[in-house]
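Asker: Before anything else, here's the structure in question.
The values are calculated or read from the model by the stated rules, or taken from the named source; none is laboratory data. No experiment lies behind these values; they were computed from the predicted model shown. Glycine also receives a Cβ, built like all others from the backbone with ideal geometry; neighbour counts cover every protein chain displayed.
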Amino acid sequence: MIRKQQIIQTAIKANIIDSNLSAIGIMDFDGLQKTVSDAYAAFPNNFFHTFAVKANALVEVLSALRKYGMGAEVASPGELLLAKNAGYDNESIIFDSPAKTLNDLRTCIENDISLNIDNLQELARIDQLMQEFPNTKSVIGFRINPQIGGGAISSTSTATATSKFGYPLADGNNKQELINIYQQRPWLTSLHTHTGSQGCALELMAKGIGVITELAEEINNQVGQQQIKRLDIGGGLPVNFSSEEVKPSFADYAQVLKENVPLLFTDKYQVKTEFGRAIAAKNGVIITRVEYTKNSGGRHIATTHAGAQIFTRTAFLPKSWPIRVTGYNAKGIEKTAETDEIIATDVAGPCCFAGDLICVDQQLPKLNPNDYVMAHDTGGYYFSNHFDYNSLPRVGVFSVTGKDDNLNISCIRKADSFEDVASKM
Ligand SMILES: *Cc1c(COP(=O)(O)O)cnc(C)c1O
């Protein structure tokens, strides 16, 4: 936690939490770089890692991840534009979305951007486009739903029998029909599955990946040559939100995959991943100021400026998305049992909605007005999320780099003034 203590003190000294900007996000770019190098170190050279842009769609973050060696997985024309603005080559981008328009598909195929087909109606559109652009370098394959069941969080379980995502492989005669589809189209050279996300066991993810690997072997055997060259195994590596520990690590995941799907660890296939949360979450924090405190029904309540507008998942599904917080005094020194009384606390946000809580009934050193609260592991799906774009106030985002005792902090997304936001709404 020494680095985090330095981060908050640097932020306080730089005066970036003020009356206009009372909640900020901070990404640790050195941490991001180390996470990406951990991912590359855990897997052999036939693996290529892309970042799921939806997890943190800020151009500066995307641009840094590109420099650290990642590609980009995008799921909308907006995300594609962000990835392009962050400097990604078309060849390093993959477009996944269950709702690609004809225009989206044309953009991909015309510009050699790879894509995963979600369904047979989309395939029919691509059949047309392939006549127009027969020499495209887009790597095209199907997203497969292996229908192997869900994990602990239903809203992030993508491989249930009735999931909205991908081609349901286990239904009826679907498997043989898919093999026929590949046999008739030599340009289908990839298979994709994303058996995640948060809440899914590594073994469940490995099982889904095992299904597409066997399917690739079966298609290649029936075709009589290696038509499928790429396996896209998706993201979904869960993140530990309860402590600083990185668990499971990329190395843990690699080991489970190696035991269950050893073929991935030969050079036979190019293997692509699409990690989001596991890259971003632990390299970001949200810091907000305590405005007021009160006691209500025996509970200490600290009202801050970060609530449902940033912690949307946590506010609506607190059991699935618990957030760990640490209190700091106005000088940025961590509050502990030695400095303050430990007391049952709710940390609340500014929204007029009773569920607007970052955490409930936590034993925390007593928070006072002008203290700060740091919410950990929030570098993915929180302050960069689209949900907060229309809220007042918007959250400014900063980066830190450098050694613990000499951090550089700089703004990577300015928060619009209230006047600016109000004039656009
Ligand atoms: C969301 C998503 C990811 C990233 O999931 P994480 O759980 O953040 O790793 C990867 N691939 C696809 C297709 C997704 O929709």
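Asker: Which one of these is more than 16 Å from the ligand (Cβ to nearest atom) and not hydroxyl-bearing (Ser, Thr, Tyr): ASP96, ASP18?
Answerer: That would be ASP18, the only listed residue that is more than 16 Å from the ligand (Cβ to nearest atom) and not hydroxyl-bearing (Ser, Thr, Tyr).
Asker: If you don't mind, another one. Identify, from the list ILE113, ILE117, ILE109, ILE126, the residue that is in contact with a helix residue (DSSP H, G or I) (Cβ under 7 Å, 6 or more places away or on another chain) and over 29 Å from GLY69 (Cα atoms).
Answerer: Among ILE113, ILE117, ILE109, ILE126, only ILE126 is in contact with a helix residue (DSSP H, G or I) (Cβ under 7 Å, 6 or more places away or on another chain) and over 29 Å from GLY69 (Cα atoms).
Asker: What are the residue pairs meeting all of these: first residue in region 292-320, first residue within 29 Å of ILE153 (Cβ to Cβ), second residue part of a loop (DSSP other than H, G, I, E, B) and aromatic (Phe, Trp, Tyr), Cβ atoms under 7 Å, and 6 or more apart or on different chains?
Answerer: ALA308/PHE353; ILE310/TYR382; ILE310/PHE383; PHE311/TYR382; ARG313/TRP321; ARG313/TYR381; THR314/TRP321
Asker: Continuing with the same structure: Say we look at region 42-54 and pick out the residues that are farther than 20 Å from TYR269 by Cβ and modelled with pLDDT of 95 or more; which of these is nearest to the ligand (Cβ to nearest atom)?
Answerer: This residue is ALA52.
Asker: Just to confirm my filter: which strands (runs of 3 or more DSSP E) fall fully inside region 331-380 and include at least 3 residues that are within 30 Å of GLN33 (Cβ to Cβ) and at pLDDT below 95?
Answerer: none
Asker: Only one of GLU110, GLU60 is more than 16 Å from SER190 (Cα to Cα), more than 15 Å from the ligand (Cβ to nearest atom), of a type in the set (Asp, Glu) and outside the structural domain of GLY235 (by TED's automatic domain parsing); which?
Answerer: GLU60
Asker: For region 94-121, give me each residue that is in contact (Cβ under 8 Å) with a residue 12 or more places away in the chain and in a helix (DSSP H, G or I).
Answerer: Once the filter is applied, which keeps residues that are in contact (Cβ under 8 Å) with a residue 12 or more places away in the chain and in a helix (DSSP H, G or I), region 94-121 yields LEU102, ASN103, ASP104, LEU105, ARG106, THR107, CYS108, ILE109, GLU110, LEU120.
Asker: Here's a follow-up. Pull up region 172-205, narrow it to residues that are within 16 Å of the ligand (Cβ to nearest atom) and modelled with pLDDT of 95 or more, then point me to the one that is farthest from the chain's Cα centre (by Cα).
Answerer: If we take residues in region 172-205 being within 16 Å of the ligand (Cβ to nearest atom) and modelled with pLDDT of 95 or more, then SER190 is farthest from the chain's Cα centre (by Cα).
Asker: Identify all residues within region 218-275 that are more than 16 Å from the ligand (Cβ to nearest atom), within 25 Å of the chain's Cα centre (by Cα) and of a type in the set (A, V, I, L, M, F, W, C); write none if there are none.
Answerer: ALA251, VAL261, LEU264, PHE265
Asker: Only one residue in ILE358, ILE343 is without any contact (Cβ under 8 Å) to a residue 60 or more places away in the chain and either surrounded by fewer than 20 Cβ atoms within 10 Å (Cβ to Cβ) or outside the structural domain of ASN20 (by TED's automatic domain parsing) (or both). Which one?
Answerer: On the way: ILE358 fails: either surrounded by fewer than 20 Cβ atoms within 10 Å (Cβ to Cβ) or outside the structural domain of ASN20 (by TED's automatic domain parsing) (or both).
ILE343 is the lone residue from the list that is without any contact (Cβ under 8 Å) to a residue 60 or more places away in the chain and either surrounded by fewer than 20 Cβ atoms within 10 Å (Cβ to Cβ) or outside the structural domain of ASN20 (by TED's automatic domain parsing) (or both).
Asker: Scanning for something aromatic (Phe, Trp, Tyr) and either exposed (fewer than 14 other Cβ atoms within 10 Å of the Cβ) or assigned to a loop (DSSP other than H, G, I, E, B) (or both), does region 142-161 turn up at least one residue?
Answerer: No, region 142-161 contains no residue that is aromatic (Phe, Trp, Tyr) and either exposed (fewer than 14 other Cβ atoms within 10 Å of the Cβ) or assigned to a loop (DSSP other than H, G, I, E, B) (or both).
Asker: Out of the residues in region 243-266 meeting the condition of being within 17 Å of GLY151 (Cβ to Cβ) and in contact (Cβ under 8 Å) with a residue 12 or more places away in the chain, tell me which one is surrounded by the fewest Cβ atoms within 10 Å (Cβ to Cβ).
Answerer: Narrowing region 243-266 to residues within 17 Å of GLY151 (Cβ to Cβ): 247-248, 252-253, 256-257, 260.
Still in the list and also in contact (Cβ under 8 Å) with a residue 12 or more places away in the chain: 248, 252-253, 256-257, 260.
On the way: PRO248: 18, ASP252: 14, TYR253: 22, VAL256: 16, LEU257: 23, ASN260: 16.
Selected residue: ASP252.
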